[in-house]
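The values are calculated or read from the model by the stated rules, or taken from the named source; none is laboratory data. Quick caveat: nothing in here was measured; it's all calculated off a predicted structure. Note: ideal-geometry Cβ built from the backbone for every residue, glycine included; neighbour counts use all protein chains shown. Keep in mind that these areas ignore ligands, DNA and RNA; they rest on the heavy atoms of the full protein, side chains included. Shrake-Rupley method; radii C 1.70, N 1.55, O 1.52, S 1.80 Å.
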Amino acid sequence: NSARLSFGLDLSILQYAGCVYLVLAVITTFRKGGGTPMDKMMHGMDEGYRVQSLAHVGSWRLNVRGNELLWSPENHRIFGVPEGTEMTYETFLSKIHPDDVDYVDRQWKAALRGEGYDVQHRIIVDGKIRWVREKAELEFDAHGNLQWAFGTTQDISEQKKQEHELQKLNQTLK
């Protein structure tokens, strides 16, 4: 019987209520007899991911060379996508509200040309509309080819609901 202890890091930057937070997830996995990398990821939830859950902020990472899109457990929860689902750009787009797909796709393509990526859009989870804010940082090589992308997804549904209620109240008072 062998045992294995693994460590990993996931770093996210969160801006909320005028403050900037640095969320560092230290992923530790202790497995008897090893296990697959997916097993380690699924069982490696720790304080960092709990912090993401509390803040309603998920993180993701895109490795272009390996064609890997990796989501944190909170990102899976926000989008209603079961952990273990093979993630692709198309899977991501399929969760976006139909009226927002073109906008998000245009913003991503602009980010691929070197523009910033900071978007708010609707998603559909279990038949309900939710709002998210996504930010990303892209890393390009010397030839302008995308190598990596790192990003966060913040569930802003409650904020949008409050904004809507305030607008309704303002209309009533006019």
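For this structure, a couple of remarks:
- Estimated from the Cβ-Cβ distance and a Förster radius of 25 angstrom, the FRET efficiency linking PHE140 and GLU68 is about 0.90.
- Alpha-carbon gyration tensor eigenvalues x 5, square-rooted, for the range 102-174, Å: 33, 13, 10
- With all protein chains kept in place, the per residue accessible area of the range 110-156 amounts to 55 square angstrom at a probe of 1.4 angstrom.
- Accessible area per residue was computed with a 1.4 Å probe on protein heavy atoms; GLU158 scores about 110 Å².
- For LYS109, solvent-accessible area (1.4 Å; no DNA, RNA or ligand), Å²: 100 Å²
- Contour minus Cα-Cα distance for ILE129 and ARG106 (0.36 nm per residue): 6.2 nm
- Here the gap between GLU115 and GLN171, fully extended at 0.36 nm per residue and compared with their Cα-Cα distance, gives a gain of 16.5 nm.
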